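The values are calculated or read from the model by the stated rules, or taken from the named source; none is laboratory data. Quick caveat: nothing in here was measured; it's all calculated off a predicted structure. Counting neighbours? That spans all protein chains shown, and the Cβs are built from the backbone with ideal geometry, glycine included. These area figures cover heavy atoms from the full protein model, side chains too; ligands, DNA and RNA do not enter into them. Shrake-Rupley method; radii C 1.70, N 1.55, O 1.52, S 1.80 Å.
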Amino acid sequence: MSVTVGSPGVRSIYGSAISAKALGSFSRPRVIMAVQSNVISVAPILTKLKEDCATPLPVLRHLAAAMASVMRAGLAVDGGSDLPMIPSYVDALPTGNEKGLFYALDLGGTNFRVLRVQLGGKEERVIATEFEQVSIPPELMFGTSEELFDFIASVLAKFAEKEGGEFNLPDCQTREIGFTFSFPVKQTSVDSGILIKWTKGFAVSGTAGKDVVACLNEAMQRQGLNMRVSALVNDTVGTLAGARYWDDDVMVAVILGTGTNACYVERKDAIPKLQSHNSTSGGMIINTEWGAFSNGLPLTEFDREMDADSINPGEQIFEKTISGMYLGEIVRRVLLKMARASELFGDSISEKLLTPFMLRTPDICAMQQDTSEDLEVVGTILLDVVGVSSNASARQIVVEVCDTIAKRGGRLAGAGIVGILEKMEEDSEGLIFGKRTVVAMDGGLYEHYPQYRTYLQEAVQELLGPQTSTNIVIEHTKDGSGIGAALLAAANSKYGHHF
Ligand code: BGC
């Protein structure tokens with residue numbers, strides 16, 4: 001397997017890692033006796049955590065096979081398995097011939113992006129691109145559908161007003177948008193789809209069960225904005241399309257960021273539930289929504305408690321085990337149990353350590369990068385973020401907890417990828433493992449968490465073996481989904497393909 005990194009972009013929930021030097025020194029451990037008693041009392045908790053999170057090869061194999069089998073069941077009939085396996089109605093991938101001005105709008109997490117791109121066909125490719133990124137005000141994540149879509153339409157309207165320079169639209173044409181909407185949507189066509197449920201902490205009222213394109217159109221009308229959504233895509237689908245524009249071997253796309261998901265190119269005859277649809281190419285991108293996977297996952301008491309306390313209990317279990325929104329929270333729950341059972345952080349428990357989601361995945365990632373002798377960065381983060389003092393041995397234990405959770409997440413994600421590849425290979429022998437096949441990867445977790453990334457790659461290699469691994473390329477395609485959505489808007493333009 002080879003791993004490559006693409007061009008710089010913006011999809012990230014991670015800041016840069018903090019260096020020990022930058023944070024200054026932290027006091028040295030004081031009493032050796034106290035150190036030992038900490039270790040003794042938390043040892044059983046740590047041992048049990050490691051056992052419960054273990055992902056030896058047989059577990060990974062079982063998981064990859066389970067992923068392949070629930071994929072099949074989900075393709076057979078709607079509701080056939082945990083995995084929605086949503087047909088995207090994208091049956092033509094970008095060819096490079098796309099020309100003209102297209103917009104993309106990307107809603108998938110706490111940030112929202114608008115982008116415009118001037119496409120110049122095979123010769124000139126991407127002539128110019130411009131984007132703006134705006135944070136979604138937190139109250140809108142819990143507000144009404146109108147409030148959220150009005151906000152999006154107002155940002156889009158302001159952005160469209162600034163169009164100029166290298167961007168130009170032929171007279172009398174309506175601006176067309178590729179709308180990347182990164183939540184589970186039951187597509188009804190390439191430019192419409194009904195929200196199944198919110199994920200990643202969103203709880204907006206009045207959208208579930210509605211066509212999200214209609215919601216956006218209504219908001220654009222309220223803004224007096226004349227734009228047409230010509231493609232509605234999941235971020236995985238946008239990433240696959242964006243990566244495929246440059247590389248014909250891209251067959252799968254995976255997002256590992258705040259949330260997680262994967263999509264892939266499926267043969268039309270392998271989608272029994274879609275037999276009535278006429279595909280022009282004989283294939284279609286399937287959005288697996290693999291975050292909903294749950295078979296045979298190695299779970300702990302901390303996962304179960306976090307799930308029970310979440311706004312969507314019993315749902316998105318794979319996502320809750322491997323994605324950026326949750327890893328820090330799982331670690332916080334482990335540390336809290338350890339702090340209660342011992343004097344790991346002294347004799348009192350801080351308010352911050354008791355607060356859900358106080359410790360974030362970027363924090364646990366930064367702690368794992370600490371190479372200083374006394375783990376000074378770890379000490380500073382524990383003090384600043386969760387309000388606890390620590391000595392060197394306590395910090396060492398904290399790093400082990402972070403590593404255990406990151407390792408499980410990375411290895412399970414790797415097994416998920418192999419499950420998808422194996423499903424594709426079973427249906428078309430040699431066409432996946434027998435030649436170069438690219439998995440386009442995006443998301444801050446994969447990009448910024450080196451240990452997680454390494455664990456994922458190791459799991460893929462272990463599962464595929466050295467021979468097959470050489471054909472599988474995991475390519476980091478940063479921010480491909482924006483351009484990908486614009487390319488799909490071009491492919492579905494009402495003005496034709498502009499070839
Ligand atoms: C959503 C997916 C999305 C993924 C990555 C998940 O929570 O359900 O639709 O692709 O996050 O953004």
| request: Extending each Cα 7 Å along its Cβ direction at residue 169 and residue 221, get the distance between those two points in nm, one decimal. | output: 1.8
| task | Could you tell me how many degrees, from 0 to 90 and to the nearest 10, lie between the Cα long axis of helix 145-161 and the main elongation axis, the longest principal axis, of the Cα atoms of the chain? | result | 60
| field | Principal axis box of region 453-499, alpha-carbon based, largest edge first, Å | value | 48, 20, 12
| message | I'd like the FRET efficiency for residue 427 and residue 312, computed as 1/(1 + (r/R0)^6) with the beta carbon distance as r and R0 of 41 Å, rounded to 0.05. | response | 0.80
| query | Given a 1.4 Å probe, how much area per residue of the chain is accessible, in Å²? | reply | 38
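Express in nm, to one decimal, how much length is gained between residue 357 and residue 299 on full extension, taking 0.36 nm for each residue of separation and deducting their alpha carbon distance.
My answer for the length gained is 19.0 nm.
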| field | Surrounding net charge for residue 184, when Lys and Arg each add one and Asp and Glu each subtract one, Cβ distance under 13 Å | value | -3
| request: List the residues whose amide H sits under 5 Å from the amide H of residue 111, counting only those 5 or more places along or on another chain, with H placed 1.01 Å from N in the peptide plane. | output: 136
| query | Which three semi-axes in whole Å describe the equivalent ellipsoid of region 89-233, each the square root of 5 times a Cα gyration tensor eigenvalue, listed largest first? | reply | 26, 17, 14
| said: Output needed: percent of Cα pairs per 5 Å distance bin for region 88-158, bins running from 0 to the one holding the longest distance. | reply: 4, 14, 20, 17, 15, 14, 9, 5, 2, 0
| query | Ignoring any ligand, DNA or RNA, what whole percent of the accessible area of region 89-233 comes from carbon and sulfur when the probe is 1.4 angstrom? | reply | 50
| To the nearest µm²/s, what D does Stokes-Einstein give for region 330-399 at 25 °C and 0.890 mPa s, using the Kirkwood radius over alpha carbon pairs as Rh? | 208
| query | If you find the alpha carbon centre of region 88-112 and of region 190-208, how far apart are they in angstrom? | reply | 19
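Estimate the FRET efficiency between residue 495 and residue 248 by the formula 1/(1 + (r/R0)^6), using the beta-carbon distance for r and 25 Å for R0, to the nearest 0.05.
So, using R0 = 25 Å, E works out to roughly 0.45.
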| query | Using a Förster distance of 60 Å, how high is the FRET efficiency between residue 208 and residue 343, based on the Cβ-Cβ distance and rounded to 0.05? | reply | 0.85
| task | Output the relative contact order of region 73-154, whole-number percent, from Cα pairs under 8 angstrom with separation of 6+ residues. | result | 19
| note | So the angle from the long Cα axis of helix 32-53 to the longest Cα principal axis of the chain, reported in degrees to the nearest 10, equals 40
| Rounded to 10°, Cα long-axis angle of helix 235-244 versus longest principal axis of the chain | 70
| task | List the residues whose amide H sits under 5 Å from the amide H of residue 126, counting only those 5 or more places along or on another chain, with H placed 1.01 Å from N in the peptide plane. | result | 120
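Before anything else, pin down the relative contact order of the chain: Cα pairs under 8 Å, at least 6 apart, normalised by residue count, whole percent.
Relative contact order, the chain: 27 percent.
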| Mean Cα-pair separation over length for region 89-233, i.e. relative contact order, pairs under 8 Å, 6 or more apart, % | 26
| request: For residue 73 and residue 435, compute 0.36 nm times the residue count separating them, minus their Cα-Cα distance, and round to one decimal in nm. | output: 127.6 nm
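May I ask for the net charge around residue 195, where only other residues with Cβ less than 9 Å from the Cβ of residue 195 are counted and Lys, Arg are +1 while Asp, Glu are -1?
My count for the surroundings of residue 195 gives +2.
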| request: Based on a Kirkwood Rh over C-alpha pairs, give the Stokes-Einstein translational diffusion coefficient of the chain at 25 °C and viscosity 0.890 mPa s in µm²/s. | output: 104
